[in-house]
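Comments concern the structure below.
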Amino acid sequence: MQSAGTLALGCMALSGKAASILDFMAPHPVGLQLFTVFGIIDDDVKGTLTKIAAIGYKEMESAFSKKGGYYGLKPKEFKAMVNDLGMTWKSHHVLGAPFKLPKGYKMPAGADGKPMVLPPMLNLRDNMQQLVDEAAEGGIPYLVCANAPTGTLEEIKSSIEILNKTGEATKKAGIQFCYHNHDMEFHEVEGKVPYHLLLTETHPNNVKMELDLAWVTKGGQDPVELFKAHPGRFPLWHVKDLDASRANIMPVGSGTIDFKRIFDYQKIAGMKHFFVEHDMPKDAFASIASSYTYITQVLKA
């Protein structure tokens, strides 16, 4: 009987691909985007992270906090807390420009029944070097622009300038910069598709992409075709599901997205890490537990 190592090497030889044995032996650690627990985590940062670790998550991507900064902590303090719980901090989300609520959007209610209020948040347009320096202080390998204005061609041009400038700064700091999409980047603006411009007019090494698999699907695009057209450009993914109407976010595996097909193309995409995300669900812990079970037991990603 062949050993596992021999079998893996045989697969490598047959495929003709330069892959390590680990590619055949172990799945990726499952990560979580902490925007999933927005409105919860600030009340008890360590307690929330402890529950996340208990489910099985191993990698963290941080996001916005009502306390500001890194859930009220300094970068090194937050990293130490994550590491002490057996997890690693891989990425952090920042804004590309001052935050504005989309027209007609209302913040969800907090525990007191009143709409949540966000504190002033730093952004790459006005605070780029500070945000890069803080990411470097935390020792995280990825900094991600969570969103940037793309409503007009002038806004797109300005956003591209900010992304390229940030990509140069993060490269100097030893950090990989990425851009995270929603669905709006796939809708034409003055005859142009914003996401195409963001891909082709930013530096391909300095500005990589964190592809949100649900938002790109809602935008009417096939993530696999993007991977084929821009191989190696997508080191980070957001993994969340959508119902048949494409209107409601679901725990991974409970909706309509064919994750098996998408994950089959992870090497072409250049995927290094993926993070489960569910934008402020009614029961965050039930959602992330369900997603974790599907990914590890069914998808086996």
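Take the Cα radius of gyration of the stretch 177-250 and divide it by 2.2 N^0.38 Å, N being the number of residues; the result is 1.08.
The P(r) of the stretch 143-287 has a tail past 23 Å containing 35 percent of all C-alpha pairs.
Using C-alpha pairs under 8 Å with a sequence gap of at least 6, the mean separation divided by the residue count of the chain gives a relative contact order of 16 percent. Rolling a 1.4 Å probe over the protein heavy atoms of the chain, with every protein chain left in place, gives an accessible area that is 54 percent carbon and sulfur. Annotation: amide H of residue 252 within the under-5 Å range of 241, 291, sequence separation 5 or more or interchain, hydrogens built in the peptide plane.
Legend: residue pairs 58/300; 51/218; 51/282; 79/300; 67/90, Cα-Cα distance threshold 24 Å; pairs beyond threshold, 51/218; 79/300. Matching the structure-derived Cα extents along the principal axes in Å against the labelled list (1) 62, 46, 43; (2) 55, 38, 37; (3) 65, 48, 31 gives the label (1). When each full DSSP H helix of the chain is screened for a Cα extent of at least 27 Å along its own axis and an average Kyte-Doolittle hydropathy of at least 1.6, none passes. Dividing the helix sum by the residues of the chain, where each DSSP H run of 4 or more adds -39500 (n - 2.57), gives a mean residue ellipticity at 222 nm of -10500 deg cm²/dmol. Taking every protein chain into account, the accessible area of the chain amounts to 48 square angstrom per residue (probe 1.4 Å). First measure r as the distance between the Cβ atoms of residue 268 and residue 157, then evaluate 1/(1 + (r/R0)^6) with R0 = 35 Å and state the FRET efficiency to the nearest 0.05. Between residue 268 and residue 157 the formula returns 0.75. Taking the stretch 30-89, how much of its Cα-Cα pair set, in percent, is spaced more than 19 angstrom apart? Within the stretch 30-89, distances greater than 19 Å cover 15 percent of Cα pairs.
The values are calculated or read from the model by the stated rules, or taken from the named source; none is laboratory data. Note that the coordinates shown come from a computational prediction; the quantities given were computed from them, not determined experimentally. Reconstructed Cβ throughout: ideal geometry from the backbone, glycine too, with neighbour counts over all protein chains shown. These area figures cover heavy atoms from the full protein model, side chains too; ligands, DNA and RNA do not enter into them. Shrake-Rupley method; radii C 1.70, N 1.55, O 1.52, S 1.80 Å.
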